[in-house]
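First the structure, in the form of structure tokens, and then the observations on it.
The values are calculated or read from the model by the stated rules, or taken from the named source; none is laboratory data. The model shown is predicted, which means the values in this text are computed figures rather than measured ones. Here Cβ is always computed from backbone atoms with ideal geometry, including for glycine, and neighbour counts include all displayed protein chains. When the accessible area is computed, the model is the full protein with side chains, heavy atoms only, and any ligands, DNA or RNA have been set aside. Shrake-Rupley method; radii C 1.70, N 1.55, O 1.52, S 1.80 Å.
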Amino acid sequence: MKFRDRHHGRRSWVRAVIVLRAAGGQPNYSIAKALRISRNTVKHWRYRFAREGMAGLQTRPIPGRPKVRNDFMQTIESAC
């Protein structure tokens with residue numbers, strides 16, 4: 001299981017809570033303090049939700065070249 005997959009539920013929950021609290025009129029600093037995250041994170045998700053709606057709350061793929069697995073690495077992983 002990938003790291004991103006294990007934490008997907010928590011991330012989705014945090015994003016939903018940010019949007020719901022913001023809709024209730026709570027300021028960014030208050031949301032950040034309650035969720036123990038940075039104000040920049042709150043601003044980021046509020047901005048994406050305002051710009052893209054529910055689709056903006058989805059996790060996007062990481063840009064760049066995908067990791068390449070060679071035979072040597074597969075052998076080591078299967079031995080563990």
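Taking loop as defined by DSSP and a crowding limit of 11 other beta carbons within 10 Å, which chymotrypsin sites (Phe, Trp or Tyr not before Pro) in the range 22-63 fit? Don't jump to the answer; show the numbers that get you there.
Working: sites: 29, 45, 47, 49; in loops: none.
Here no chymotrypsin sites (Phe, Trp or Tyr not before Pro) fit, given the DSSP loop and packing criteria.
Each label point was placed 7 Å from the Cα along the Cα-to-Cβ direction; for residue 16 and residue 38 their separation is 2.6 nm. On the range 5-64, 55 percent of the accessible area sits on carbon and sulfur atoms, based on a 1.4 Å probe.
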